[in-house]
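Please treat every number below as a calculation from the coordinates, not as lab data. Computed from a predicted model, the values in this text were never measured in an experiment. Cβ atoms come from the backbone with ideal geometry, glycine included; neighbour counts cover every protein chain shown.
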Amino acid sequence: MTRNKKLSLSILAVVLAAFTIIVIRNAWVGEDAYITLRTVDNFVNGYGLTWNVGERVQAYTHPLWMFLLTIFYFVTRESFYTTIVLSVIVSVVAVLFLSFRVARSTYTAILAILALTLSKAFVDYSTSGLENPLSHLLLAIFLLMFLSREDINGRFIFYISLVASLVTLNRLDHGVLVAPVLIYFLWCSRSWRSVGAMALGFVPLVIWEMFSLFYYGFLWPNTAYAKLATAVPWTTLTEQGLYYIWSSLRVDPLTVVVIAGGVAIPLIRKQWRLVLISAGLIIYLIYLVRIGGCFMSGRLLTAPLILAVIVLTQYSLRLTKTFWISAAVIVVLGLVTSYSPVYTTADDGSADVEKMKFGRGIVDERGWYFSGAGLLNAPVDKPMPTHKYAELARIQRQPLTANRTAMTTRSTVGFYGYFAGPAIYVIDLCGLGDPLLARLPFDTTKNWRIGHIYRAVPEGYRETVLTGRNALQDPNLRKYYDKLKLVVSGGLFDGTRLKTIVEMNLGKYDHLLDAYSRR
């Protein structure tokens, strides 16, 4: 091994160690992750893939990540440390894979890991309990397969389509990131055999969607209805989405600049294979702006960031002036704001709450919950998280009985829902776990923020939940709820239920919701 090679591997080892240390120091589990963990807990304890026991509602957006969490949770029966350990392992594996398999040279790998280490968004969501780490790993595998093959045959198309289906199964909207590459393969081969191979690769996704339609009654998660079908004007959402990008540029400029570089450089250099990745990034960013972004600063930018970093690792570098200039730019952009992950302490989020608000409902989600759900703040004598919502739920937790009478109404349901346990029925005012409220128009009497679209609880709905008897006052909504309740709570193989599923997905009962909304 040459001296230069030893030096490059030594530097790479240092940045990999730095990445691991900084991710662990910033490790946390978010409030939204506990929405999924409530479903995981119900599933492991025999109550099905449910949010509220007795209602089949998909309150999570990441089936593959949910099942992976379930495997580990089944063994440990503990949520906080299990989720953090799993997230850190997957994140480190993704970065190691990028360093030793995807990057064209050791020095480009060094720059890539340095950028990821100093990206607030990437470090924040390398844990958090959400699906980001698994998305990063799957996208890295997908791009390695794409970039390392020139010849295209049916077997290769099957395998890369299989990985693409897992990317999409982990989060549906990540399908747009890989779509241009798949379309390119189909165009190059132009044969029915390739179409068949690609269709076969997507069998896992098709199986899930058929299961979702049968089990939950719908192809899309309940969260999609709650967050996207809101009747908020598209112009308002687009303005919000643009602000989401701008807000990230202010507090985490490195992430946005690297994504921009991953889009622009292949186009400038006319490297058409890499342009396909840029195309996926562009489509995804347009989609992101169109839906209004997210209330969690940076969360939806980590997947495009890993793609952009991989694009930039395809340019070979040596220990030259270009390398040092690039490293200096990355360090400056990564350290220029006070939100850099390098500056994290146990006091994050506990002192200056206003510092965690970035305007228009966008927040530093890790900072917001870090004092009660961050690994640095984990006490040795108390269970985590120690957040007030979790503590309240632990006090109010009740045993599940045949005649459940406990019910509560909340707008933040993650910590509370999980720790309250299956005995308490939680009406989610934002509709994420509620099949009826998710389909109702947003409450115009309350301020909304992206991802938190409040619904007014219809008259008689609380009584309906407590008694099991339809007490809704509006006649149209009462008829609609009867159909919806049959879908989410009726016998799985009931013929009337299966017929109702078809009718609801074809919009046969939408006029009842429209009549209620007009009223």
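Overview of values
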item: Cα long-axis angle, helix 192-201 against the chain (0 to 90 degrees, to the nearest 10); result: 70
item: Sites residue 444 and residue 335, calculated FRET efficiency, Cβ-Cβ separation with R0 45 Å, nearest 0.05; result: 0.55
item: Highest average packing first - 308-315, 488-495, Cβ atoms within 10 Å; result: 308-315, 488-495
item: Separation of the residue 482 and residue 395 label points, Cα + 7 Å toward Cβ, nm; result: 4.2
item: Two-site label geometry, residue 411 and residue 267: point separation in nm, points 7 Å out along Cα→Cβ; result: 3.9
item: Extension gain, residue 346 back to residue 286 (0.36 nm per residue minus Cα-Cα distance, nm); result: 18.0 nm
item: FRET efficiency for residue 206 and residue 47, using Cβ-Cβ distance with R0 set to 25 Å, rounded to 0.05; result: 0.40
item: Per DSSP, loop trypsin sites (Lys or Arg not before Pro) in segment 173-276 with at most 11 further Cβ within 10 Å; result: 190, 270
item: Convex hull volume per residue for segment 3-343, taking Cα atoms only, in Å³; result: 147
item: Dipole-positive endmost among 412, 504, 440 within segment 388-518 (Cβ charges, Cα centre); result: 412
item: Options 251, 192, 229, ranked by Cα towards positive dipole end of the chain, top entry (Cβ charges); result: 192
item: Angle between the chain longest axis and helix 475-489 axis [Cα atoms, degrees, rounded to 10]; result: 60
item: Nitroxide proxy distance, nm - points 7 Å out along Cα→Cβ at residue 191 and residue 85; result: 4.8
item: For the chain, calculated [θ]222 nm from helices alone, where every DSSP H run of n ≥ 4 adds -39500 (n - 2.57); result: -19000 deg cm²/dmol
item: Net charge contributed by nearby residues that have their C-beta within less than 11 Å of residue 509 (K/R +1, D/E -1); result: 0
item: FRET E, pair residue 159, residue 473, Förster distance 60 Å, beta-carbon r, rounded to 0.05; result: 0.60
item: For peptides 111-120, 252-261, 5-14, sequence by mean Cβ density within 10 Å, most packed first; result: 111-120, 252-261, 5-14
item: Gain in span if fully extended, residue 183 to residue 238, counting 0.36 nm per residue against the direct Cα distance; result: 17.1 nm
item: Debye intensity ratio I(q)/I(0), log10, segment 388-518, q values 0.16, 0.18, 0.21 Å⁻¹ (C-alpha model); result: -0.92, -1.12, -1.33
item: Relative contact order computed over segment 3-343 (Cα-Cα under 8 Å; 6+ residues apart), in percent; result: 24
